[in-house]
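Only one structure is covered here, and it is reproduced in the block below.
The values are calculated or read from the model by the stated rules, or taken from the named source; none is laboratory data. Values in this document were obtained by computation on a predicted structure and should not be read as measured data. Please note: Cβ atoms are built from the backbone with ideal geometry, for glycine as well, and neighbour counts cover all protein chains shown.
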Amino acid sequence: MKWTYSIPRKTGTALLLLTVLVLVLANNLRDRSNSERLKTAFESIYEDRLMVESYILRLSEELHQIQEILENPVVRQTENLQRKLSEIEQINLLYLNTELTKAEEMHFEHFEKLTWELDKALLDGKIEGANSKIEEALMDLRLLSEIQISEGQSLLTQSQQLFKSSSISSQFEICLVIILGLMVQGILFASKTLQKQNSISTENLN
């Protein structure tokens with residue numbers, strides 16, 4: 001560690017220490033950024049994928065119940081049908097408040113159009129037309145469900161990559177801190193040695 005003895009006359013080491021500190025700070029800021037991205041990814045998985053999947057399930061149940069009402073003349077009541085359609089409309093509004101991909105937006109717009117046409121067909125008493133719209137709508141829901149799976153897997157992969165990046169970043173920061181600690185220890189050791197040498201030299205002069 002002979003380099004430490006010339007530190008009082010050198011600025012290079014001071015710059016090196018500053019560089020290490022800057023790297024540690026930059027690494028810390030990067031970790032914070034990764035943490036925010038992870039938080040966003042997890043929120044998106046819950047709000048835009050898991051919750052949406054629950055909306056799709058509820059929409060599918062409502063459509064199947066409408067089919068059951070239409071197939072059974074005994075329970076075919078306008079009030080029941082309108083209540084089901086109103087529930088579908090409310091779920092659609094919840095769905096629209098989530099983050100939609102372009103493909104998802106396209107299929108959902110088609111699904112909404114079908115539910116409007118279903119409402120009109122029921123008001124006009126066109127049972128066969130209503131059943132046809134329900135089958136089309138259920139197909140859209142299946143496609144939307146597949147999108148949730150695909151997007152969920154993509155978000156999961158992204159989260160795993162961020163975890164790996166954060167792990168490597170943390171190890172790098174630990175190495176920098178160790179290097180910084182060794183350098184400071186070397187400087188302190190050299191400083192004490194120089195003080196002893198100066199003290200001995202002063203005694204010899206006397």
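Taking E99 as the residue in question, decide whether it is at pLDDT 70 or above, within 19 Å of D119 (Cβ to Cβ) and not basic (K, R). Criteria not met by E99.
Taking the residues in the stretch 83-108 that are over 18 Å from S60 (Cβ atoms), part of a helix (DSSP H, G or I) and without any contact (Cβ under 8 Å) to a residue 40 or more places away in the chain as candidates, determine which candidate is nearest to the chain's Cα centre (by Cα). Once the filter is applied, the top-ranked residue is K102.
Yes or no: the stretch 152-172 includes at least one residue that is in contact with a Ser or Thr (Cβ under 7 Å, 6 or more places away or on another chain) and either in a helix (DSSP H, G or I) or at pLDDT below 85 (or both). Don't jump to the end; show me each part of the working.
First, the residues of the stretch 152-172 that are in contact with a Ser or Thr (Cβ under 7 Å, 6 or more places away or on another chain): 155.
Filter again for either in a helix (DSSP H, G or I) or at pLDDT below 85 (or both), leaving 155.
Within the stretch 152-172, one or more residues are in contact with a Ser or Thr (Cβ under 7 Å, 6 or more places away or on another chain) and either in a helix (DSSP H, G or I) or at pLDDT below 85 (or both).
Whether any residue in the stretch 55-74 is out of contact with any Phe, Trp or Tyr (no Cβ under 7 Å at 6 or more places or on another chain), outside any helix (DSSP H, G or I) and surrounded by fewer than 13 Cβ atoms within 10 Å (Cβ to Cβ) is what I want to check. I'd like the intermediate steps shown before the answer.
Let us first name the residues in the stretch 55-74 that are out of contact with any Phe, Trp or Tyr (no Cβ under 7 Å at 6 or more places or on another chain), namely 56-74.
From the residues that got through so far, the ones that are outside any helix (DSSP H, G or I) too are 72.
Then drop every residue that is not surrounded by fewer than 13 Cβ atoms within 10 Å (Cβ to Cβ), which leaves 72.
The answer is yes; a qualifying residue exists.
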